[in-house]
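No value in this document is a laboratory result; all are computed from the given coordinates. On a predicted model such as this, the values are computed, not experimentally measured, just so you know. Glycine also receives a Cβ, built like all others from the backbone with ideal geometry; neighbour counts cover every protein chain displayed.
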Amino acid sequence: MTTAVHSPTIRPARRDDCPGILAIYNHAVAHTTASYDYEPRTLEQRQEWFDAHQRDDFAIFVAEAATGDVAGWSALNRYHDRFGYRFTSENSVYVAESWRGQGIGKMLMAPLIPAAEARGLHSIIAAIDAANSASIRLHAGFGFEHVGLFRQVGYKFDRWLDVAYMERILRGYPPGTTPA
Ligand SMILES: CC(C)(COP(=O)(O)OP(=O)(O)OC[C@H]1O[C@@H](n2cnc3c(N)ncnc32)[C@H](O)[C@@H]1OP(=O)(O)O)[C@@H](O)C(=O)NCCC(=O)NCCS
């Protein structure tokens, strides 16, 4: 693996990062099966997403290049609205195409774990297109274990897609409970 001369720095996202976050996501939508969206999202949708994350205390991080551009981003997301799922989250991680394979994904994953623990979450789930070896390897490196494979649940670019589920159990326990 090569390391960029001026590695981006990782920091919590600000609302004015939304255009950079959106551009990376929409590029992945148009060119990859990392997301099963077909259509680009709008800036307004991304800002609503950002505001909801702020309100609900779900972390978002960006990798800021020396130029000030967003080179990648990561986030914790609500896994499910039903109350009993409140200690579980689903993560996202996206790196701009020109920055991939240089360790930025790892830099963006690293702060998600302590952020999830600090928020009292108990597990993080990653739903990954089964052919996405880079993401599977990235998550495995952070202690995510394969817990399932959903076959042919996605359809994009004229083919059926399998989704690999990986999970990392955290140290946090629901309030009022004691570790076993
Ligand atoms: C998946 C993604 C976030 C990885 O980020 P990255 O910065 O390219 O990855 P890193 O350089 O930090 O490498 C992370 C691990 O993946 C491996 N890796 C990177 N690119 C790879 C590739 N093309 N194929 C296989 N493994 C790869 C690295 O070797 C490293 O593993 P190691 O430490 O065991 O050697 C990035 O490729 C990406 O944004 N892809 C498009 C969006 C996406 O797939 N998001 C995830 C949705 S679940």
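Answer yes or no as to whether residue 168 is basic (Lys, Arg), more than 14 Å from the ligand (Cβ to nearest atom) and either loosely packed, with under 12 Cβ neighbours inside 10 Å or closer than 28 Å to residue 86 by Cβ (or both).
So residue 168 fails the test.
How about region 22-59: which of its residues are within 14 Å of the ligand (Cβ to nearest atom), part of a loop (DSSP other than H, G, I, E, B) and closer than 23 Å to residue 89 by Cα?
Of everything in region 22-59, those that are within 14 Å of the ligand (Cβ to nearest atom), part of a loop (DSSP other than H, G, I, E, B) and closer than 23 Å to residue 89 by Cα turn out to be 33, 34, 35, 36, 37.
State yes or no: is residue 68 within 19 Å of residue 116 (Cβ to Cβ) and not in a helix (DSSP H, G or I)?
The answer is no for residue 68.
Out of the residues in region 69-120 meeting the condition of being among the β-branched types (Val, Ile, Thr) and more than 18 Å from residue 137 (Cα to Cα), tell me which one is nearest to the ligand (Cβ to nearest atom).
The qualifying residue nearest to the ligand (Cβ to nearest atom) is 70.
More than 11 Å from the ligand (Cβ to nearest atom), within 18 Å of residue 34 (Cα to Cα) and surrounded by fewer than 17 Cβ atoms within 10 Å (Cβ to Cβ): does that describe residue 148?
Yes; evaluated as a whole, the condition is true for this residue.
For every residue, the table says whether it meets (1) in contact with a Gly (Cβ under 7 Å, 6 or more places away or on another chain); (2) more than 25 Å from residue 156 (Cβ to Cβ); (3) free of Cβ contacts under 8 Å to residues at least 40 places away in the same chain.
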site: 9; (1), (2), (3): no, yes, no
site: 15; (1), (2), (3): no, yes, yes
site: 23; (1), (2), (3): no, no, no
site: 26; (1), (2), (3): no, no, yes
site: 37; (1), (2), (3): no, no, yes
site: 54; (1), (2), (3): no, yes, yes
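Looking only at region 105-145, count how many residues are aromatic (Phe, Trp, Tyr) and surrounded by fewer than 19 Cβ atoms within 10 Å (Cβ to Cβ).
Within region 105-145, residues that are aromatic (Phe, Trp, Tyr) and surrounded by fewer than 19 Cβ atoms within 10 Å (Cβ to Cβ) number 1.
From the list 93, 147, 153, 70, which one is of a type in the set (Val, Ile, Thr) and without any contact (Cβ under 8 Å) to a residue 12 or more places away in the chain?
So the residue among 93, 147, 153, 70 that is of a type in the set (Val, Ile, Thr) and without any contact (Cβ under 8 Å) to a residue 12 or more places away in the chain is 153.
Consider residue 28 carefully, then state whether it is surrounded by fewer than 20 Cβ atoms within 10 Å (Cβ to Cβ), under 14 Å from the mean Cα position of the chain (by Cα), closer than 30 Å to residue 160 by Cα and not acidic (Asp, Glu).
Yes.
Given the conditions (1) surrounded by 14 or more Cβ atoms within 10 Å (Cβ to Cβ); (2) over 15 Å from residue 25 (Cβ atoms), which single one is not true for residue 66?
With respect to (1) surrounded by 14 or more Cβ atoms within 10 Å (Cβ to Cβ); (2) over 15 Å from residue 25 (Cβ atoms), residue 66 is out only on (1).
Specify which of the listed residues (39, 48, 44, 64) is under 23 Å from residue 142 (Cα atoms) and acidic (Asp, Glu).
Answer to the selection: 64.
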